[in-house]
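These notes concern the structure reproduced below.
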Number of protein chains: 2
Amino acid sequence: MKLSWGDYISIAIHQTDLTLTSYIKNKLAPFNLAPEQNLILMLLWERDGLAQNDIAEKLDKDKTNIARMVLNLEKKGFIKRTISQYDRRSLIVKLTQEGKALGDKIIPLTEEFNQLVTKGITEKEIEELGRILTKMRMNVQ
Amino acid sequence: MKLSWGDYISIAIHQTDLTLTSYIKNKLAPFNLAPEQNLILMLLWERDGLAQNDIAEKLDKDKTNIARMVLNLEKKGFIKRTISQYDRRSLIVKLTQEGKALGDKIIPLTEEFNQLVTKGITEKEIEELGRILTKMRMNVQ
DNA sequence: GCATTAAAGTTGCTATAACAACCATTGTGT
DNA sequence: ACACAATGGTTGTTATAGCAACTTTAATGC
C-alpha cells in the first residue's frame, strides 16, 4: 500500500514541533532569547555550573551547537564560562546575575506555554504521548 | 508547581523530531537528498507541476525556505523551474527524468522508515497521536 | 615515561527555518 | 486608465543542527 504525504506520523511530529517552536520563539524574542538558548538556561536554572559537554549530553545535541549557543549566551551576558580547575579542557558554564534574574521572568512564561499547548488534553493522554514518543526514539536508535 | 526540564511535552516532541530527522537524513544522504528536499519531492511525486507558492502552503513553511530548497533541487538536477504562462510572477516546479526515477528508490525507503518508527505501536495509538498533535497545533494558532 | 588514545572545544561547511526588505507582476477601486 | 494594494520570488540576516577535521589536554598501555 502506497502511503500518501499526510500518512507519515513523523511528518506530523515534525510539523507540530515547528509550530510549537515558532510560537515560543516569538514569546521569547522580547527577552533576547532564542528557543534552544532557553533550553540551556533551563538546565542551568535547575543546576548551575554544568560543563559544555554535560549540556550537550543532556540536550542530546552535537557539542558544536552547544559551543556556539553558549557563546551567544555569553555575548548576551546571561552566562560566563570558566576553565574547570579539574580538567583544563573543560569549560564550566555559570549563570550571571542577569541570567539568574531572567529565570524569574522566563519560567512562568514557559509554564503558561505548556498550559496552552496541553489545553483540552488530559494528563493521561500526555503521558501516553510521552510514552509513544520515547518508543519511537528507541525504535530508530 | 514548578515543572522540571523533562516535564514539558513540547520538549519531548522536539527531541523526538530531531532524532527521527537525523535518522532519515542519514538514510537519504547516499542519494544526495536532504530531509526537507525529500518532502518537496514527495509532494511532486504525488502531483507534479506545483508552483513554489503551493509547496510553501502545503508544507506550511516560509516561501524563502522553499525558494532556496527548490534552487538546490534544481542544482542537483531533480527538478526544473519554469515561469507560469498564466502568471509571470509564479514559478512552476517540475520533476526531471532523474527526479522521477529517484522516487522509485526513495518511496520504499520512506515506507520502511515509517514501519521502523511505528514498530510496536498500534494503528489506534498512531491515530490518537495524530489527533493530539493536531490539537496542540490548533491550541497555539 | 613515552607513545597512543581518548576526550573537550573550536572552526568550517551544508542544510533547514523564519523575518524584513525588496522587485516584478497582477488585481482592484474609482 | 491610473494609483494602490496584493501576490510570488529573491536577497540578507540570525539561529539552529550535525558532520569532519583540528588543537589542547588527559588517560592508558606497555
MRE, 222 nm, helices only [DSSP H, n ≥ 4, -39500 (n - 2.57), over chain A, to nearest 500]: -21000 deg cm²/dmol
Pairwise centroid distance, computed over Cα atoms, of the range A:41-67 with the range B:18-92, Å: 34 Å
Rounded accessible area per residue of chain A, 1.4 Å, Å²: 56 Å²
Label point 7 Å beyond Cα along the C-beta direction, distances from A:Lys80 to other copies (nm, shortest first): 6.3
Nearest residue to the symmetry axis between A and B, taken on chain A by its Cβ, in whole Å: A:Asp17, 2
Candidates per trypsin sites (Lys or Arg not before Pro) in the range B:73-141, loop by DSSP, up to 15 other Cβ within 10 Å: B:Arg88, B:Arg89, B:Lys119
Apportionment of accessible area to carbon and sulfur, the protein assembly as shown, percent (1.4 Å): 50 percent
Alpha-carbon gyration tensor eigenvalues x 5, square-rooted, for chain B, Å: 32, 20, 14
7 Å along Cα→Cβ, label-point gaps from B:Thr96 to other copies, nm, shortest first: 5.1
Interface size B-A, as summed buried accessible area [1.4 Å probe, Å², nearest 100]: 5200 Å²
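The values are calculated or read from the model by the stated rules, or taken from the named source; none is laboratory data. Bear in mind the structure is a predicted one, so any value in this text is a computation, not a measurement. Note that we place each Cβ from the backbone using ideal geometry, even for glycine, and neighbour counts take in every protein chain shown. Ligands, DNA and RNA are stripped out before the accessible areas are found, and what is left, the full protein with its side chains, is counted by its heavy atoms. Shrake-Rupley method; radii C 1.70, N 1.55, O 1.52, S 1.80 Å.
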